[in-house]
Every structure is written in C-alpha cells, then in structure tokens.
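A quick write-up on the structure given underneath.
Values quoted throughout were computed directly from the atomic coordinates according to the rules given, and no laboratory measurement underlies them. Fair warning: this is a prediction, and the values are worked out from it, not measured in the lab. Positions of Cβ are backbone-derived with ideal geometry, glycine not excepted, and every protein chain shown enters the neighbour counts.
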Ligand code: UDP
C-alpha cells in the first residue's frame, strides 16, 4: 500500500452518485491507496472497513430524525445535507490529521460545489467528480454562461439547440430541468451551479471515457483539468477472465441476486427484456398498465424491477397473467443481469449509470427517459452511439403498449436489431479498453494518484 496518500471521497447521497463514486474508491484501492468514503446516511453508524479493509466508510447523518421523510421537500433535504456535512467534515479532517493520516485531496460530488472551499480551507486539494456525462455538463455550462436560453415548453418540436459537437437537439432532447424550470427552479440552480467554480478546482473527474465523448473532451479539456475515469463498472464484468470479489459497491437497496441469476440461467441467450428505471423514477398507474400490457404483448421473457414504493401501482390481474413470462423484483443486481448472456435488451430510463452500464456490457437499449439528464442521454444512445432506440411519448405523456412492442422488436429483430447489436459490441470493447491496464481511463487514475501521492 502507498503510505501517506489519503483520499476522501464524498458522494451526494443518491444511488446514481454512490455507485460510481464507491467504484472509484475501488479503483484507488487497486492502485494501492486506502481511501475514506464519507456517506451521508439516514442510519448513523460508526465507521467501518470494507473491500478487504482498504476502504474506510464513515457514515454521517443526513440531519433527519427517525420517522421524518427526507424526500418530501428536496430543498429542505439539500439544506440539511449541506448543514450536516459542514458540521461534520471539518471535524473528521481534523481527526484524520491528529491520527497521523492526513488527507491530501477531497474528491467531492460536483452537485455540492461548496465542498471545494472546505477542502481548500483545510489545506486539501479539491477534485470535482461528475457522475453525469460531458454532453450534459456542457449544456449546463452554456446555461451558466448565458449562451443558451432556457425554452419555456417541453414538447415543442422546433429545433432549439445547436451546440458544437452535438447532434441538433429538440426541446424534448434537453435535460428536463431546462424546460421545466418553473417546476424545478432549485434543481436547475443546483445542476448549473456544478460548473460555477470550475476555474478554481484542482482536478475534474468524470465517469465517462475518452472515446465515448471524444469531440466534447477536446473542448472541455481546453477549459478545465479534466480526466475521464469511467466507466466505473467493475472490471470483472468487462473482462470475464478477471475473478474479483463479487461486491456490487455501495447500495441503498437489497438486490435479489440468487433469484434473478437462477431465473436468467434458465433462459436462452439474448432472449430476455430487462426493464429498470433506476432508483428514483416514479411511474403513473396508467403507465404501469401500458408497460405491463406491452411486455405481455411482446411474448418475450422479461425481468422487471419495480421498487417497493411502486408495487401498489402494478395492475394486479395482469401481474398474475404475465407471471409465466416475467419475473418482477424490487431491486436487481443490475451489473450481473446486464452481463448475463440471456439478456436481449435493456428497457431503461437512461440514467447515466444505467446507460453507461448497458453500453459497457454491450446490451442494446430502449430509452424511456423521464426527467433530469435522461432525455439527452437517450438522444445519444439512439443517434450518436447508435446502440438503441428511444420510445415515442404521446402528447398525454404516456408511452403506449404498441410502442413498447415496436421498440422491443426493433432492437431485438431484423436488420436494424443486428446493426444495433454490432454497435453495442463495438462500444463494449472500447469501454473495456479504456479501463483495462494502460487504457485511457486507467491512465487517468494513475495520473490522479501520481498528482497527489
Ligand atoms: N441499479 C441496481 N439494481 C436495480 C436498479 C438499478 O443495481 O434494480 C443500479 C444501477 O446499476 C445503477 C444505479 O442503480 O448503477 C442507478 O443509477 P442511474 O444513474 O442509472 O439512475 P438513477 O437511480 O440515478 O435515476
């Protein structure tokens, strides 16, 4: 182990942030470091060690009492998380210094840019970690600089945005907060503010890889000290030769590992539709009905993740009917699932982690985006990387069952299906190359370590 090189990693407390940043900790371990992962948690507990004792996890409270619902008011949540971190982190850094293990750098989630001042104020370098791709951050940067004005409607069909190195974007390809700014003014401020102190940040890390966003990379590197370190998918999934510890990283949910894997083992290669909308998306009851009916009409096997909080909306009668073909679970071991040979396509909300995971594991995708950066990711899946299609949403906001059937057929059958699968295979190879020894992302992690150690 490298002595005297201590790194603190501090993700925003959401699954889409915890996953890539805890995986980044594992990459640091593979380079001989022993990082500390600070997690904001609703269940305060003493620090503990993980990853064969190489990662120290320090849970700090999110500022909510037992019984209070943290997700009721996002502004309140952000405020309390900020207050809690501002109270605890300086103490923690001080304790580390006193115990002879002073941290050198704080890798902080870009959605909490105020952490840079805490790092600098305590003599640490600050590394902003972006859990979203450049294609999204660049749009927010243009909004910050006033070089792009926010449109006022979501479902306009006019050409609205043209950024260098981008396909032409329509309103419904843009990150949702830009078009729904009146409903989410505070979230728009948070996502745009991520880019507000980039002139002072010491290093910018991003969970993407160079080839994936090649043209944008040149542009962002001309502005900031950028290093792409993704995909943060554990290398064991990218390279079947590797026998690493089967540990899915830091999860807020309990996955039904054995149930899913055994069920998938009984299916033919490329035959199953995997359906998951990540940790936050909430579907309306009538959308659940369309989805369940669409999956039934495909006649294919499917594995569908319906989180506990969504279960009540499942159409009860239909669930009985489809149970022969489908397995519904409250949370899956997603990487294990996507890496399984039985998976034929991934119906996804296009959260960035899910998109990158599907792409890195060579799985054709059907994008069914809901909000935040998902529409823009879906646009790139369909039109730039050409590894899938995007569903068409009706004017009432619903995706109809016939559309689900059409998209499943499009990615799993015919000439277009074959072309999508070829492209998916190509990106899988490129993603693997990026993180394997000597690849662009692997070198970035080496460079990060040599800068601070
Ligand atoms: N995930 C999982 N099991 C599930 C659904 C999701 O392990 O059943 C993981 C998935 O692999 C990804 C993360 O949860 O790493 C979700 O992040 P993403 O950015 O895709 O979506 P978000 O939850 O932030 O909307």
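R0 = 22 Å: FRET efficiency of residue 219 with residue 426, Cβ-based, nearest 0.05? Plugging the Cβ-Cβ distance into 1/(1 + (r/R0)^6) gives 0.40. In percent, how large is the relative contact order of the chain, given Cα pairs closer than 8 Å and 6 or more residues apart? Contact order relative to length: 14 percent. Take every DSSP beta bridge whose two residues both sit in the chain; close to 10 percent of them are antiparallel. Placing a label point 7 Å from the Cα of residue 186 along the Cα-to-Cβ direction, the residues of the stretch 60-100 whose backbone N falls under 13 Å from that point are 70-83.
Based on C-alpha pairs under 8 angstrom that are at least 6 apart in sequence, the stretch 239-432 has a relative contact order of 23 percent. Averaging the Cα positions of each part gives two centres, and for the stretch 96-122 and the stretch 377-453 these lie 34 Å apart. Working note: 222 nm ellipticity from helices only, DSSP H runs with n ≥ 4, each -39,500 (n - 2.57), summed and divided by the residues of the chain, gives -12500 deg cm²/dmol to the nearest 500.
Between residue 324 and residue 406, the simple spin-label model (points 7 angstrom out along Cα→Cβ) gives 2.8 nm.
Length gained on full extension, residue 78 to residue 265, computed as 0.36 nm times the residue gap minus the Cα-Cα distance: 63.1 nm.
Output the 0 to 90 degree angle, nearest 10, between the alpha-carbon long axis of helix 74-98 and the longest principal axis computed from the alpha carbons of the chain. Tilt relative to the chain: about 40 degrees. Modelled label positions at residue 95 and residue 413, each set 7 Å beyond Cα in the direction of Cβ, lie 6.0 nm from each other. Averaging Cα coordinates gives a centre for the stretch 52-84 and one for the stretch 4-42; these two points are 16 Å apart. If R0 is 56 Å, the Cβ-Cβ spacing of residue 436 and residue 66 corresponds to a FRET efficiency of close to 0.80. Between 0 and 90 degrees, rounded to the nearest ten: what's the tilt of helix 285-298 against the longest Cα principal axis of the chain? For helix 285-298, the angle is close to 60 degrees.
When each of 189, 401 is scored by the number of other beta-carbon atoms lying within 10 Å, the sequence from fewest to most is 189, 401.
Evaluate E = 1/(1 + (r/R0)^6) for residue 251 and residue 120, where r is the Cβ-Cβ distance and R0 equals 25 Å; express this FRET efficiency to the nearest 0.05. Efficiency, from the Cβ-Cβ distance: 0.20.
Taking 0.36 nm per residue of sequence separation and removing the Cα-Cα distance, the residue 446/residue 168 pair yields an extension gain of 96.5 nm. Residue order for 263, 134, fewest other beta carbons within 10 angstrom first, comes to 263, 134.
Relative to the dominant Cα principal axis of the chain, helix 374-383 is inclined by about 60°.
With neighbour counts taken as other beta-carbon atoms within 10 Å, the residues 352, 385, 114 rank, fewest first, as 114, 385, 352.
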